[in-house]
Every structure is written in C-alpha cells, then in structure tokens.
Amino acid sequence: MLLSSLSVGLHQRRQRVAFTLIELLVVIAIIAILIGLLLPAVQKVREAAARMSCSNNLKQVALATHGYHDANQYLPPLNGPASPGGTNPNSGGPHVYILPHVEQQSLYNSVTTACGGNTWCGPYNAVVVKPYICPSDPSSSAPYINSATGGAITNYGANAYAFGSITTAAGNPPSVTFNSAAAWNGIPRSFPDGTSNTILYTEKYGTCNNGGSVWATSCTCNQWNPVVGWGVSGVANMFQVQPVYSSSACNPYLAQTAHTNVIQAALGDGSVRSCSGSMNPTTWFLALIPNDGMPMPSDW
C-alpha cells in the first residue's frame, strides 16, 4: 500500500511539469508590469546621458572658441571669408573658424570655396563634426545630414549678438548685423555685461520646419544659419521647448531644446548653464546681449 501511494504521488508530480494557461498569463502580466515600471526609468537615464553628452560637446565648442580667441586676440566673425584662402564674405561663421580647435585641422584646410547663400558647397560641408552634435535632438539622427541642403547639421547655434555687430535704433531693441571684421570683437572687451552673463552658444534643432542649422554656412539671406538671435527682435528671441520640428511651430531663427523644460547654453567664460523653460523671455534676451548694461534678473 505504501509503495502504491508513493508511486501515485511520483506519477502526479511527473505529470505536473508545465504551466497552466492561467499561470502563464499571470507571469506574462507580471513581466509586462515590471517593464512598464522600468521603461520610464530607463528613458530618464538615457536622456540624462544624452543631456550630459550635449553639455560636454557644448563646452568643447565654447573652449574651442576661446582657443581661437587666444590665438588671434579676437572672436571668429559671424560671417566672414571661408578660411584659409577664401575671399567670399558670405562663406564662414564661428563653426568654420574653430575647426582646428576641435581637432579638425584637415577639414579646416579643405574649406577654400564659398559656402553661403543658396549654394551648398562640398564635399566638406557634408562632413559631420562630432562635437557639433547633440544626441538629444529629435529632428536628426545618423548620418546627421539635413536632407534639404545635403549639409551636415550642428545642434549648437552661435549667439549673433556676441559674434556680430550690434546696432540700436532709438526706441527699438538692439538688432544684429552679420560682420566680417572681427577685430573689434573680443573677450572680455566686448562683453561689458560680464562673460558669465552672456551666451556664446546654445542648443538648436538640426532640422526645424523649413530650415535648420548647418554648420558649414553663414549668410544673411537664409534660415539655415547655425546662429540664434538674428532675424528676430527683442523678447521674441525666447527659446522653444520641445517644439515639433516638422511643424510650422518650429522657428529656425530661434533656439530649441529637446530636454524637458530646460535648455543648455555655453557662456562667454566657457561654462555651461542650464536655463529653465519658465525663464522670463526678457531674461533670455538680456543674456544674448553682451553690452545692454542691465543687471541680470533673479531667474538667470
């Protein structure tokens, strides 16, 4: 009898080798819940890593600009001849001039033809410069080429007020003119408001509505310039927080941030600051102007 009972028990245990359908569904549901709980955390970690990469690249661009300044005693022009050897005055901005300082000397040496207006020269303009890319940008992905122009994008717009010529008409906000003579413009002499209170570069989408940001051009005539603060007046320069890059809501003349309610900006002293999306537009505009003589508000 005892042997018979043991035999029956062993037989039952041998038969119990698979999950029932209900048990399987319960396990799947538990796994789905765990994935649902973990996914937002993974996305936050991924965005934090991308944001750090954006910040590091932005700082590298700012330090490269300081490197150019140390070598020449003035800032690169907002719009000057392609260098070295070019003569067209609408063919190179800060992103071109600082190439040797982001370990792109050979690329810089290839910049000898005009790259402005509606002429997209090559082949150098299609070369992606890694420090010019922010991995958080939703509008662009590898190979980081703007489809409308064939040019490689940049996600960092140079502040036109810091690199160009500022003019002020009575009763109007200061405006900026593209300038090819950069000798007047230097750090700290043209930053009387303080280098830590003035933006050099800030984040920008590579593709934005009918424009974007292509590093190998600089011109007064189109929306592909890798600059911010030009073509828009006063507080209307306020940056955009996560606009839909393919819609008309995205303005290629403004800065854009892909981060949650914050944009990163490299300042004149080489530091990188995170600016809140709830910042007063007047504060942002004052940070663009290097010589307005106004104290920075408390939300800076």
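Residues whose amide H falls under 5 Å from that of G186, counting only those 5 or more places apart or on a different chain, are L75, with hydrogens built in the peptide plane. Between D70 and I31, the distance separating the two model label sites (each 7 Å from Cα on the Cα→Cβ line) works out to 5.5 nm. The length gained on full extension between V128 and A148, counted as 0.36 nm times the residue separation minus their Cα-Cα distance, comes to 5.6 nm. Normalising by residue count, the range 192-300 has a Cα convex hull of 102 Å³ per residue. Simple spin-label estimate for S110 and S248 gives 3.9 nm between the two label positions (7 Å along the Cα-to-Cβ direction from each Cα). Each peptide in 251-261, 141-151 gets a packing score, the mean of other Cβ atoms within 10 Å over its residues, and the list from highest to lowest is 251-261, 141-151.
Were the residues from S233 through D299 laid out at 0.36 nm apart, the gain over their Cα-Cα distance would be 21.6 nm.
Every read-out reported here was derived from the displayed coordinates using simple, explicitly stated rules and does not represent laboratory data. Note that the coordinates shown come from a computational prediction; the quantities given were computed from them, not determined experimentally. Methodologically, a virtual Cβ is constructed for each residue, glycine included, from the backbone with ideal geometry; neighbour enumeration extends over all protein chains shown.
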